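As structure tokens, the structure follows; a few thoughts come after it.
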Amino acid sequence: MEVIIQPDSEQASQLAARLVKKIIMEKDRPVLGLPTGNTPLLLYRYLVEMHRKEGLNFSRVVTFNLDEYVGLSPDHPASFHYFMWKHLFSQVNIRPENVHIPDGLASDMEAHCRQYEEEIKVAGGLDIQILGIGTDGHIGFNEPTSSLSSRTRIKTLTEQTRKENATFFGAEENVPYHAITMGIGTILEAKICLLLAFGKKKARAIAQAIEGPVTSMVTASALQFHPRAIILLDEEAASELRLVNYYQWVYEHKPEWQKF
Ligand code: F6R
């Protein structure tokens, strides 16, 4: 794992945007795995800015979102469809047919999940999977005790996750109980996994995921198996890590050719 600690979320998100830009520019048909939530908002803002000011071209970009709530239509303001179009897709030149987000209203959920996996494969696999982390250590909606080899499927959300997402729905009782999510096995097949975490409330989950044992109780810890997992943190999210000085030393001495 490569752990990069930046003073704040702005600088961390700028660095993330530079890495995503590099992938978009290097590949003929870049395939991005994308999260929603508060964490990637700044990254999406920087990508939109790069599109507007530097002409970053999204016309060849293919995207797959990590998850979607079951039972929400794409125009529901709390749906991840709505979120993605609002914060990124409507502001760049992406082709709508290249956007993939699980369908929370699919009539045959199992078939839909299988099809989603197939579509990722046909696209050539994910060049990068961008991730946030829940306070319980989840990535995607792979809640504690999810199989570490799981594929795209339906998961029941924990009470903690439903509480934390209540603000998007007005009240906790409006938060769906189920979501479709890529599995841990799906995520681990991405060529690069880039996990972002900001703020003190993520510090414990981050310490467990990076320096704790690999366990399905903290599904982000499965990233320890990934050959190219990059963890981009602000200082607060890094505050419970034991090897902070080492991570900073490694980053300062990174060979020029490895930088982005
Ligand atoms: C969202 C997702 C979740 C979030 C996580 C953190 O698509 O997959 O794993 O990344 O719940 O959410 P925020 O960023 O709102 O703290």
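Where a number appears in this text, it was derived from the coordinates with a stated rule and is not lab data. Computed from a prediction, not measured in an experiment: that's the story for all the values here. In this analysis, Cβ positions are derived from the backbone assuming ideal geometry, glycine residues included, and neighbour counts consider all displayed protein chains.
Some notes on this structure:
- Filtered residues of region 20-45 (kept if under 29 Å from Thr161 (Cα atoms) and either among the small types (Gly, Ala, Ser) or out of contact with any Ser or Thr (no Cβ under 6 Å at 6 or more places or on another chain) (or both)): Val20, Val31, Gly33, Pro35, Thr36, Gly37, Asn38, Thr39, Pro40, Leu41, Tyr44, Arg45
- Applying the criterion of being in a helix (DSSP H, G or I) and surrounded by fewer than 17 Cβ atoms within 10 Å (Cβ to Cβ) to the residues of region 118-127, the residue that is nearest to the ligand (Cβ to nearest atom) is Glu119.
Listed here are the residues, each with its yes/no results for (1) of a type in the set (A, V, I, L, M); (2) more than 11 Å from the ligand (Cβ to nearest atom).
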{"site": "Gln129", "(1), (2)": "no, no"}
{"site": "Ile133", "(1), (2)": "yes, no"}
{"site": "Leu157", "(1), (2)": "yes, no"}
{"site": "Glu189", "(1), (2)": "no, yes"}
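- Qualifying residue in region 227-241 (condition: among the hydrophobic types (A, V, I, L, M, F, W, C), more than 12 Å from the ligand (Cβ to nearest atom), over 22 Å from Thr145 (Cβ atoms) and in a helix (DSSP H, G or I)): no
- Note on region 29-74: residues that are surrounded by fewer than 20 Cβ atoms within 10 Å (Cβ to Cβ), within 16 Å of the ligand (Cβ to nearest atom) and of a type in the set (Gly, Ala, Ser) total 1.
- Some residue of region 101-111 being closer than 26 Å to Pro227 by Cβ, hydrophobic (A, V, I, L, M, F, W, C), more than 15 Å from the chain's Cα centre (by Cα) and surrounded by fewer than 18 Cβ atoms within 10 Å (Cβ to Cβ): no
- Among (1) in a helix (DSSP H, G or I); (2) among the aliphatic types (A, V, I, L, M); (3) under 18 Å from Val70 (Cβ atoms) - the single one Leu105 does not satisfy: (1)
- Residue check, Pro7 in contact with a strand residue (DSSP E or B) (Cβ under 9 Å, 6 or more places away or on another chain) and within 16 Å of the ligand (Cβ to nearest atom): no
- Within region 251-260, the set of residues being in contact (Cβ under 8 Å) with a residue 40 or more places away in the chain and more than 19 Å from Ile192 (Cα to Cα) is empty.
- All positions within region 139-155 that are within 12 Å of the ligand (Cβ to nearest atom) and within 21 Å of Ile210 (Cβ to Cβ): Ile139, Gly140, Phe141, Asn142, Glu143, Ser146
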